[in-house]
Amino acid sequence: MAVAEFIPSSSLNKRTSLYSSQLSYVSTQISHQRRLSVRSLPRTNYSSQICCSVTSKEAQAPTVVQADDPKKKNECYGVFCLTYDLKAEEETGSWKKMISVAVSGAAGMIANHLLFKIASGEVFGPDQPIALRLLGSERSLQALEGVAMELEDSLYPLLREVNIGTDPYEVFQDAEWALLIGAKPRGPGMERAGLLDINGQIYAAQGKALNAVASPNVKVIVVGNPCNTNALICLKNAPNIPAKNFHALTRLDENRAKCQLALKAGVFYDKVSNVTIWGNHSTTQVPDFLNAKINGLSVKEVIKDTKWLEEEFTEKVQKRGGVLIQKWGRSSAASTAVSIVDAIRSLVTPTPEGDWFSTGVYTNGNPYGIAEDIVFSMPCRSKGDGDYELVKEVIFDDYLRSRIKKSEDELLAEKRCVAHLTGEGIAVCDLPGDTMLPGEM
Ligand SMILES: NC(=O)C1=CN([C@@H]2O[C@H](COP(=O)(O)OP(=O)(O)OC[C@H]3O[C@@H](n4cnc5c(N)ncnc54)[C@H](OP(=O)(O)O)[C@@H]3O)[C@@H](O)[C@H]2O)C=CC1
Ligand SMILES: O=C([O-])CC(=O)C(=O)O
C-alpha cells in the first residue's frame with residue numbers, strides 16, 4: 001500500500017526521526033532560530049510538499065492528510081520522503097548498512113562537484129547506501145535547496161537521504177564522515193591572522209558540534225583553509241573523538257606533485273608512487289622527491305636534474321593553487337573534489353602494497369621527530385578500515401629536513417595564533433610573513 005501526505009510549509013520545522021531508507025530534504029530552520037537567533041527563511045518553493053511512504057512496487061495516488069498530524073510530522077518531512085525496504089528488494093538486499101556523510105560549505109564550488117561523486121557510489125562503493133547531511137548557512141540555504149533538488153533529479157540509487165540545515169548540531173547528528181569544506185575565503189586586505197581567527201571560530205564551533213552529536217568514531221576531513229590549523233582547532237574542540245580521526249586535506253598537493261613528476265619524466269602519472277607532501281597546506285609544504293618513485297625507481301635516479309627538483313618542481317607544487325586562481329578567477333574546485341574522493345578512498349580501501357598516501361594528521365607519536373600537537377601532512381597507509389598508520393620506512397637528507405622544519409615552524413606559529421580557540425590561553429600571532437596559502441600568491 002502506498003501512503004502520501006500533503007504537508008504545508010508551516011508544518012515543516014524540525015526533523016525528529018527518519019527511516020533508514022528515505023530520500024528527504026529536511027530544513028532545521030526552527031532549531032537554528034533557537035540556537036542562533038536568526039530569521040526563518042520563506043519556503044515558497046516548498047509550499048506543497050509531498051511525502052510518500054511506499055511499501056509496494058506500485059505507487060498509488062497521493063492521499064492528502066491533515067497538516068498538523070503530529071505522528072506524520074515525526075515520520076516524514078520534506079519534498080520527497082520515499083521509504084523503501086532495501087532488504088526486500090533483490091537488487092538492494094545485499095547492500096551494506098547506510099552511512100551518514102555530513103558536508104559543510106555544501107552549497108560551495110567544491111561541494112558541487114563532490115556531492116555527486118559521493119552519491120554516485122564512486123567514493124564508498126556500489127553497495128553502500130548514503131545519507132547526505134548538508135550544512136549551509138542563512139546565506140546559502142536557498143542554494144542548498146537547489147543542490148538537494150539537483151541531487152534528487154540525478155536519480156542516484158544509492159542516495160537514500162538528503163537533509164539540509166544550518167545548525168551543525170542537527171546536521172552532524174550520527175555522522176560517520178564529516179567533510180568540512182565551508183570557510184570564509186581570504187578577502188583583499190585581510191591579514192592571515194584574521195583569516196585564522198574567522199575560520200578558526202567556524203571550526204571550533206563545528207568541532208564542538210561533532211563532539212556532541214556525531215558518531216564517536218567519525219572521520220573528519222578538513223578542507224576549508226587554513227586547513228591544517230582548522231583541523232587542529234576542530235580536534236581540540238572535540239575531545240571525545242580520537243584526534244587521529246581528523247585529517248587536513250593535502251591530497252590535492254600530492255596529486256599535483258605526481259602530475260609534475262610524470263610530466264618531467266615523460267611517463268603517465270600512474271607510474272609515479274610514494275609521493276609524500278610534508279607539512280602545511282601552504283607555500284611551505286614540502287613535496288618529497290627523495291622518497292618518491294617513478295616506475296618503482298627512486299625519482300632521483302629517473303630525474304637527474306636536482307636543481308629542477310629542489311627549485312622548479314617544489315615551487316610549482318607549492319604555488320599551483322595560486323596559478324590556478326589566476327587562470328580561473330577562483331580556486332580549484334573540481335580537482336579538489338577529486339582529491340577529497342582520493343583521500344576518502346585511501347582510508348576505505350587497502351593501500352596498494354609498498355605505496356602510501358599523504359594526509360594532514362595529528363603529530364602525536366610520529367616517528368619523524370616532527371613537533372607534537374600540530375596537524376602535519378605525512379605519509380600514511382591504511383588497511384581500508386577508515387584508520388591509518390604512519391609509514392616508517394622513509395629517508396631524510398639535509399634538504400628535506402630543513403624544508404620540513406620551515407613548514408613545522410609555520411604551523412607552530414599558526415597554533416600560537418589560535419591559542420584562544422584551542423583552549424591553550426592567549427593567542428600570540430607571530431606568523432612568518434613570507435608564507436601563504438597556495439591561493440594567496
Ligand atoms: N585543502 C585544499 O586542498 C583546498 C582547500 N580549499 C579551501 O576550501 C574552501 C572552500 O572552497 P570553495 O568550495 O571553492 O569555496 P566557496 O566560496 O565556493 O564555498 C565556500 C563555502 O564556505 C561557506 N562559508 C562559511 N563561512 C563563510 C564566510 N564567513 N563567508 C563566506 N562563506 C563562508 C559558504 O557556505 P555557507 O554560507 O553555507 O556557510 C560557502 O558556500 C576554501 O577555504 C578554500 O580555500 C580550496 C581548494 C583546495
Ligand atoms: O587557497 C585556496 O583556496 C586554494 C588552495 O588551497 C589550493 O588550490 O590548494
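Which of rounded, prolate or oblate describes the stretch 292-441 when judged by the alpha-carbon gyration tensor and an a/c cut-off of 1.5? Each step should come with its number before you reach the end.
Details: a/c = 1.34, a/b = 1.17, b/c = 1.15.
Rounded.
Are there any trypsin sites (Lys or Arg not before Pro) in the stretch 204-313 that are in a DSSP loop and have at most 16 other Cβ atoms within 10 Å? List them by number. If you can, show how the numbers build up before the last one.
Working: sites: K208, K219, K236, K244, R251, R256, K258, K264, K271, K293, K300, K304, K307; in loops: K304.
Answer by residue number: K304.
Tally Lys and Arg at +1 and Asp and Glu at -1 over the other residues with C-beta under 14 Å from the C-beta of L179: what net charge comes out?
Numbers: positive: K117, R133, K219, R251, R345; negative: E176, D342.
Neighbourhood net charge equals +3.
Could you work out the local net charge near V220, counting Lys and Arg as +1, Asp and Glu as -1, over the other residues with Cβ closer than 15 Å to its Cβ?
Numbers: positive: R133, K208, K219, K236, K244, R251; negative: D174, E176, D387.
Value of the local net charge: +3.
About its Cα centre, what dipole magnitude does the stretch 227-373 give when the only charges are +1 on Lys and Arg Cβ and -1 on Asp and Glu Cβ, stated in debye to the nearest 20?
Details: 17 positive and 15 negative charges, 88 e Å.
The calculated dipole for the stretch 227-373 is roughly 420 debye.
Considering only DSSP states other than H, G, I, E and B, which GluC sites (Glu not before Pro) in the stretch 363-396 qualify as loop sites with at most 15 other Cβ atoms within 10 Å?
Working: sites: E372, E389, E393; in loops: E372, E393.
Sparse-neighbourhood loop GluC sites (Glu not before Pro): E372, E393.
Taking neighbour counts of Cβ atoms within 10 Å as a proxy for exposure, in what order, fewest first, do T92, T314, T349, T166 appear? All intermediate terms of the calculation are to be shown ahead of the outcome.
Details: T92 17, T314 21, T349 14, T166 25.
With the sparsest Cβ surroundings first, the list reads T349, T92, T314, T166.
Pull up all non-local amide H partners of A248: gap of 5 or more, or a different chain, and H-to-H distance under 5 Å with H placed in the peptide plane.
For A248, whose amide H was placed from the backbone, the distant partners under 5 Å are V222, G360, V361.
Rule-based calculations on the coordinates, nothing more; no lab input. No experiment lies behind these values; they were computed from the predicted model shown. Glycine also receives a Cβ, built like all others from the backbone with ideal geometry; neighbour counts cover every protein chain displayed.
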